[in-house]
Amino acid sequence: MNRRNFIQSIVGGSAAAALGTPLFQAFAGPEVSTDEFFIFIHAQGAWDITVGLDPRNERVGLIEPGSTNTIDIAPLKKWVSRTTPLDGTTAASGYSFELVRPASGPLVFGPAIGDLLRHYNRLTVVNGIAMNTVSHQDGTAFSATGRHLAGTKTSGPSIDTMMANSFGLGQLLPAVSINYPSSFVGQGLDRRAVPLTIAGIGTLAASLRRATLYESAAARDGVTVMLSQEALDLAKMSANPDVMTGMHLQFEGLRRMNQENLINLFTDSYLRGKYTNFAYSTMSASVNAAFALESLSRNASRCVSFAYGSFDTHFTNYRNQALLQQNLFDLLAIMLDYLDQIPHPTKSADKLSDHTHILVVSDFCRTPNINAAQGRDHYPNNSSLIISPKFKGNMSFGSSDPEQLLSLPAKTFSDGQRPVSPADVLATFVSAHGVDPRKYLRDGEVLTEILR
Amino acid sequence: MRHAQTSLSRRPTVVASLLLGLCLFGGQSQAATAEKTLLDYKYFRTLCIDLLGRMPTEQDLQEFERSDFNLESWIDTHLSGDTYADRLTRIYSDLLRPQTVSFQVGTNRNTLARILVKDDTGKDTWVYYRPGQRRARHAQVPKTTDPTYPQWNNLVKAGFCLLESETGLKYPDVNAALPPTGTAKPVDKAVLDQYTVVVKPWWLYSDYKSSSPADRYNATTWPARFPGYTLNNELLKESDTKTDTMQIRVCKEEANTVASAPMDTAPTTTLDCRTGYGVSNSQGCGCGPGLELCMPAANFLASQPRAAFVSSRNTLLGVDDPTDAQAFEYRTWQSLWVAEEPQVFFYNLFLEDRDFREVVSAKYTYVNGPLAQFYKLSSRSNWNDKDLGSTSLPSPDAMPANLLPQDLMNWQKVDAGSSSAGILTMPLFLFKYATRRSRAHAVYNMFLCRDFVAPAGLLLPPSKESDLMKREGCAACHQTLEPLSAYFARWVENDWSYLDPKQYPAQSDACKQVGGKIPASCNTRYDNIFSTPTTGMLRGAYASVENTDLGAKGMGEYLTHRADFAPCVAQNVAESFLGRSLGTEDSALRDQMTTALVEGGYRVKPLVKVLLKSQQYRSANNLSSTVWRSGVTP
Amino acid sequence: MNTKLTFLCGALLLSASCKGQDVPSLTLDQVPGHESLAQDTTHKESPRLVPAEAYIRTYLTLFGGLTALQAQTQLTAGGSGLFDTWTAYLGALGLPNYSTDMARNTQTNSLMIANFERLGVALCDKALEKDLKSTPQVAVGSRLIYNFDVPQTAVDAAGFADRFAVLHRKFLGYPAKLAPTDRTTRFFALYNETIKNHNPTGSRFTAVEAGWATVCQGLIRHPEFQLY
């Protein structure tokens, strides 16, 4: 038997034997049939929760609230200055803001909440998340994966990978990650769930454009079919088949992308023209949000994730922190408005908003005190925002110390009283969709209190 | 490609290699190829990709298939040169990520804005001016109550040398960022001659230092002489957009060429004209010969420059082989070269196989024409100190005299000053990693392969303790981080300004607390929280005054004396070449690479050689054992 | 098929059908028929993605050793629709973005595969125009990619194999005869299918040219080209 014949026998003859191997497990469909969609947003650079989700408007302990002296308040829609100066007597000390409270319920916000206030009934706020880190890299990884870095490396899958792996394998683009801290690390992950990591939407259309003056689309597809088979055969011969299996699956994905003409999905001008409510000039990532809407409405992606920022305001750039947050929250409000209007692609009686789940996190938060450069530095507390039909709306869970803004114990977990951790938030999110959190997360307990 | 001479001369070689040996069937070698296995070919291809920066050509394959081909010798030959240095540079560029969105170097004191006036004949004429320039006329400004005062707004608010009454133009407050208003009227010739002068500027003339420059920019011949240097039409044409600009009119002070000049308000004090302080305080301080110290904003405001150059935002193949061509205003132009500096430094470190520890200790750096220009004034134009002390930036006097601003591809080694420490004191590093802690964290990552990660289950209870090294919970990381941050306490955050110990001692008697507070004048640089009634504490110095005084140089010594410094080099290189993280099963390889590095005097080449010959790199295959047992030779 | 291999394949099939049965505790050489079975002691590594810089350098070398911008000009010339700008492709190729701290992409994804298709098609089609359709004709030895004679009609299997060997070396860096899959046959089928189905209306290629273009594309888009 020469080598080629032998290989053919392996490829063909023993295929049945191989069906139980991890290679072929990759061809199984999603573990749970779903019509749900996911949007993950990372408020990159660490946001100041004292003007947003966990507001502070008085000088108490270490807290130096944002004020007319440190924040540019003119563009803030919900800013109402307090009548008493910060120091109680001197106008020169500046004026803090009135807390923003919805018509009912426990939620309370800072002035940065902007137009998202009108959707308060859908908001689940988790405060007092203990980050135990003030390193951007570590905090970012911790928020997205529920695990601290191991050395300098990410040690678990990010939340978009988790959801794509469980629910997105049948999608054309299981997970699209636009500057989001995605990671594809861990056991039991299907290569199709590798997040498609990109720097921006607008530049991608060119990759999908095809010339019409030479060989036909069918001929190119013939090349793809052949290469898909080559990759599959090479995978079957491999000690570690993952890479070749991945390419095989990606060739198949390319065939679908070419057939379904996805160029518009990645065309900046098309997205801007269709989703006109976003303020593209002031809201960074508006195109990403428009892409998320379009991608979900076409049932092309299961997860879209993107970063928004930067909120890293150590210096006088802190003056814009509240505005940046307002832009983010306004962007979310507009997204929700659109989601309320867009029909679900597979459940005709429903709107997208009935089946879209949004999680917004940040690296950690910023210091309660203002530094010498008129900015705020890193601080190991955090808040997150969940907008999901599977979570209780108009809900707040967890808290932070009134004087020092540090995380306070939220409840008695199985390991005792402690604050909420990022892993708890992720475990809850995963669990809400029927997936065992331990499939992806080493740590974390489900916060049943916030689930519907 | 960071070195013009080598990289540019490489391309014809590539073309030649394609043409060599091609015959009817592409020159496929008839030599005995059967003896080479697929693994042999794949190893050779891998070597080509990693050492030549591309896959093998037909010529490479023919050489490889020759019976007398010696792979060891081939590897030795190619463990050097342009593409090898590029490959290793990429490893550290990916770690350093030497670009930043917000990096801007423009100020009113290194920038020439311009206003369109009418000359005495009624012809439109740009008059270039430096908004932050000290002028003779500043001494004549009347009191604000004087009825003629508004006429001086042009000078007082915009920094222009001609008054409203002379030009007919009124300049709004620069904060409004609006163009001049009013109707321009011809400026009297005597006024023009008194306050302005005609100059042939550096951007148009390569011989701008001569008494009568003649070698004007030529779009046909200059690309060969000065590769990459392309001017936008904003600088090539007059305001009619048609007439070639042959010379420019500039306010008179800016045309001064001396390196130092007396301070206007204290004539016995001599100021260095290559500092922001000198520009603002001496009318004698100009932009130097051919205005070489100043950058063209090509607009009426320094803060709103228009495109002056054409260059690339995508230089990952090297600045000599850009993948795009875009209009650049001078700030992005300068930031491009500032971002190139550490990459060129790495490139030459690997090209010359120097002691790798120099990465955090070198007292030298590399500059090309634009970067030399940056170090002559721009880099220090926003500093307000009269005496900059022993700054860690290269001195303007260290800039090679033969390096023209048009010399983009010519990088020369220069002395970087006694306070410098390799990349740790380069403006790019200090600005990208804006805070003391982020700087310490970045090098902790990059050179020790470590991160600050809190132990599992750590609690952070509320506390009034300001010292993060003592505060419960925080101490887990900050006990290490704070003293490391102190090494960078002398570099202003969000800036690269240096705080010389003479002016800013780590502990200052002048800034000690009085009544529980340090003097207000100390607040910017000194930290009240860690100051006492006996001494004021420089910001960031509280964790270690000793480290503060050792500065970046001390950080370099700390890093290179750590036991995990050399293994981290091995790890960074191995992970890049193998395309995966190292695991515990790779510990032998890491140890061998580390030993090779250390025993080789911290030269990286022996380390790479060990890697290239390791089984992980050389003899690995991905055949399943079933296929392997079939007799398939990988 | 020798005895050893017959047993091995049989064992593979058997193991699939006997799922759940107890596995006897034996060393490999105690298993009947395995007395002389060789142990695979070679080191295993997964292939990794060719760095985007090396991909582009190779691409430019294949296209005649041009600079990136020179190649861009030529690839977009004549309203080909084959190429946009390098800038449009860099992110999808996996290059890092140092400004935004976006790390280098070390794994393929479907968009990267789409990008490889776009770039590969551009090179193969434009090179074919330059190599085979230029006036005056370009000598075989001076061509960029297609360094063999290209008859007006389709070649047979033997003629294809000789020419394919040239392209295989050029793109994948080793002789086609060492390929671990039945590659020449597979590419010959692709070549014939393309020729058979080619519609010359609106195409700048003849059927045979389209056939060779797709063979070229199959190699520059091949997993072994993207990985090392």
Next item on the list: Looking at (1) out of contact with any strand residue (DSSP E or B) (no Cβ under 8 Å at 6 or more places or on another chain); (2) within 30 Å of A:P75 (Cβ to Cβ), find the lone condition where A:S183 falls short.
Entry: (2)
Next item on the list: Would you please list the contacts, defined by Cβ atoms under 9 Å and residues six or more apart or on different chains, that run from a residue in the range B:410-437 that is free of Cβ contacts under 8 Å to residues at least 24 places away in the same chain to a residue that is of a type outside the set (A, V, I, L, M, F, W, C)?
Entry: B:Y433/B:R439; B:Y433/B:H441
Item checked: Criterion violated by A:S177 - all others in (1) out of contact with any Lys or Arg (no Cβ under 6 Å at 6 or more places or on another chain); (2) in contact (Cβ under 8 Å) with a residue 40 or more places away in the chain; (3) within 13 Å of chain C (Cβ to nearest Cβ); (4) assigned to a loop (DSSP other than H, G, I, E, B) satisfied -> (4)
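Return yes or no: is C:S110 more than 25 Å from A:T140 (Cα to Cα), open to solvent by less than 50 Å² (accessible area, probe 1.4 Å) and within 7 Å of another protein chain (Cβ to nearest Cβ)? Step through it out loud before you land on a result.
Details: more than 25 Å from A:T140 (Cα to Cα): yes; open to solvent by less than 50 Å² (accessible area, probe 1.4 Å): yes; within 7 Å of another protein chain (Cβ to nearest Cβ): yes.
Against the criterion (more than 25 Å from A:T140 (Cα to Cα), open to solvent by less than 50 Å² (accessible area, probe 1.4 Å) and within 7 Å of another protein chain (Cβ to nearest Cβ)), C:S110 qualifies.
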Margin query: Where the second residue is open to solvent by 40 Å² or more (accessible area, probe 1.4 Å) and the first is over 22 Å from B:I248 (Cα atoms) and lies in the range B:212-232, which pairs have Cβ atoms under 8 Å and are six or more apart or on separate chains?
Written below: B:P223/B:T230; B:P227/B:L8
Notebook entry, point to check: Among (1) assigned to a loop (DSSP other than H, G, I, E, B); (2) away from chain A (no Cβ under 14 Å); (3) open to solvent by 30 Å² or more (accessible area, probe 1.4 Å); (4) more than 24 Å from B:C285 (Cβ to Cβ), where does B:D407 come up short?
Noted result: (3)
Notebook entry, point to check: Based on what the data block shows, is A:L232 in a helix (DSSP H, G or I), more than 7 Å from every other protein chain (Cβ to nearest Cβ), on the phi < 0 side of the Ramachandran plot and open to solvent by less than 30 Å² (accessible area, probe 1.4 Å)?
Noted result: yes
Notebook entry, point to check: Restricting attention to the range B:170-187, does a residue exist that is closer than 16 Å to B:K252 by Cα and open to solvent by 60 Å² or more (accessible area, probe 1.4 Å)?
Noted result: no
Next item on the list: Kindly provide the set of residues from the range A:244-266 that are without any contact (Cβ under 8 Å) to a residue 40 or more places away in the chain and either over 24 Å from C:G91 (Cβ atoms) or of a type in the set (A, V, I, L, M) (or both), ordered by number.
Entry: A:M244, A:M247, A:L254, A:L265
Margin query: The conditions are (1) facing chain B (nearest Cβ under 10 Å); (2) buried (at least 20 other Cβ atoms within 10 Å of the Cβ), and C:K177 fails exactly one of them. Which is it?
Written below: (2)
Item checked: the range A:361-387, residues that are more than 19 Å from B:V492 (Cβ to Cβ), in a loop (DSSP other than H, G, I, E, B) and either open to solvent by less than 10 Å² (accessible area, probe 1.4 Å) or not polar (S, T, N, Q) (or both) -> A:D363, A:F364, A:P368, A:P380, A:N381, A:N382, A:S383
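Examine the range B:549-568 for a residue that is touching a Pro at 6+ places or on another chain (Cβ under 7 Å) and farther than 30 Å from C:H43 by Cβ, and state whether such a residue exists. Step through it out loud before you land on a result.
So in the range B:549-568, the residues touching a Pro at 6+ places or on another chain (Cβ under 7 Å) come out as B:549.
From what's left, farther than 30 Å from C:H43 by Cβ: B:549.
Checked against the condition, which is being touching a Pro at 6+ places or on another chain (Cβ under 7 Å) and farther than 30 Å from C:H43 by Cβ, the range B:549-568 yields at least one hit.
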Notebook entry, point to check: Within the range C:152-164, can you find the residues that are open to solvent by 40 Å² or more (accessible area, probe 1.4 Å), within 14 Å of chain B (Cβ to nearest Cβ) and touching a residue at least 12 places away in the same chain (Cβ under 8 Å)?
Noted result: C:D162
Notebook entry, point to check: Say we look at the range A:262-284 and pick out the residues that are open to solvent by 20 Å² or more (accessible area, probe 1.4 Å) and within 12 Å of chain C (Cβ to nearest Cβ); which of these is farthest from A:A219 (Cα to Cα)?
Noted result: A:S284
Check: So, of the residues in the range B:325-342 that are open to solvent by 10 Å² or more (accessible area, probe 1.4 Å) and not in a loop (DSSP other than H, G, I, E, B), which turns out to be nearest to B:Y84 (Cα to Cα)?
Finding: B:L336
Notebook entry, point to check: Restricting attention to the range B:345-361, and to residues there that are within 18 Å of the chain's Cα centre (by Cα), buried (at least 22 other Cβ atoms within 10 Å of the Cβ) and away from chain C (no Cβ under 14 Å), which single residue is nearest to B:H561 (Cα to Cα)?
Noted result: B:V360
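Yes or no, residue by residue, for (1) more than 30 Å from B:P462 (Cβ to Cβ); (2) out of contact with any strand residue (DSSP E or B) (no Cβ under 9 Å at 6 or more places or on another chain); (3) more than 8 Å from every other protein chain (Cβ to nearest Cβ); (4) crowded, with 24+ Cβ neighbours inside 10 Å:
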{"residue": "A:T133", "(1), (2), (3), (4)": "no, no, no, yes"}
{"residue": "A:G139", "(1), (2), (3), (4)": "no, no, yes, yes"}
{"residue": "A:K153", "(1), (2), (3), (4)": "yes, yes, no, no"}
{"residue": "A:A164", "(1), (2), (3), (4)": "yes, no, yes, yes"}
{"residue": "A:F167", "(1), (2), (3), (4)": "yes, no, yes, yes"}
Margin query: Exactly one condition in (1) at pLDDT below 95; (2) outside any helix (DSSP H, G or I); (3) within 14 Å of chain C (Cβ to nearest Cβ) is false for A:A17; which is it?
Written below: (2)
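Residue-wise test of (1) over 21 Å from the mean Cα position of the chain (by Cα); (2) at the interface with another protein chain (Cβ under 7 Å from one of its Cβ atoms); (3) modelled with pLDDT of 90 or more.
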site	(1), (2), (3)
A:R192	no, no, no
A:T197	no, yes, no
A:I201	no, no, no
A:A205	yes, no, no
A:E215	yes, yes, yes
A:A218	yes, yes, yes
Next item on the list: Go through the residues of the range B:456-475 one by one and say whether even a single one is at pLDDT below 90, open to solvent by 30 Å² or more (accessible area, probe 1.4 Å), of a type in the set (K, R) and part of a loop (DSSP other than H, G, I, E, B).
Entry: yes
Next item on the list: Give the range C:180-227 a look and list any residue that's part of a loop (DSSP other than H, G, I, E, B) and surrounded by fewer than 20 Cβ atoms within 10 Å (Cβ to Cβ), or say none.
Entry: C:P180, C:D182, C:N199, C:P200, C:T201, C:G202, C:S203, C:R204, C:T206
Check: Would you call A:E445 part of a loop (DSSP other than H, G, I, E, B), among the charged types (D, E, K, R), touching a Ser or Thr at 6+ places or on another chain (Cβ under 7 Å) and open to solvent by 20 Å² or more (accessible area, probe 1.4 Å)?
Finding: yes
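Rundown of residues vs (1) within 13 Å of chain B (Cβ to nearest Cβ); (2) loosely packed, with under 15 Cβ neighbours inside 10 Å; (3) within 27 Å of C:T76 (Cα to Cα), yes/no style:
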{"position": "C:K126", "(1), (2), (3)": "no, no, yes"}
{"position": "C:A139", "(1), (2), (3)": "yes, yes, yes"}
{"position": "C:N147", "(1), (2), (3)": "yes, no, yes"}
{"position": "C:V166", "(1), (2), (3)": "yes, no, yes"}
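Taking the conditions exactly as written (under 26 Å from A:V243 (Cβ atoms) and at the interface with another protein chain (Cβ under 8 Å from one of its Cβ atoms)), does C:L95 satisfy them or not? Let's see the steps before the verdict.
Values: under 26 Å from A:V243 (Cβ atoms): yes; at the interface with another protein chain (Cβ under 8 Å from one of its Cβ atoms): yes.
Yes.
Among the residues in the range A:347-357, are any part of a loop (DSSP other than H, G, I, E, B) and surrounded by 19 or more Cβ atoms within 10 Å (Cβ to Cβ)? Full working, then the answer.
Of the range A:347-357, the ones part of a loop (DSSP other than H, G, I, E, B) are A:347-350.
Add one more test, that the residue is surrounded by 19 or more Cβ atoms within 10 Å (Cβ to Cβ), and what stays is none.
The answer is no; no qualifying residue exists.
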Notebook entry, point to check: Taking the stated definitions as given, is B:L589 part of a helix (DSSP H, G or I), open to solvent by less than 20 Å² (accessible area, probe 1.4 Å) and either within 13 Å of chain C (Cβ to nearest Cβ) or under 17 Å from B:R450 (Cβ atoms) (or both)?
Noted result: yes
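The values are calculated or read from the model by the stated rules, or taken from the named source; none is laboratory data. Here the structure is a predicted model, which is why all the values come from computation and not from measurement. Reconstructed Cβ throughout: ideal geometry from the backbone, glycine too, with neighbour counts over all protein chains shown. Surface accessibility is based on the protein's heavy atoms, side chains included, excluding ligands, DNA and RNA. Shrake-Rupley method; radii C 1.70, N 1.55, O 1.52, S 1.80 Å.
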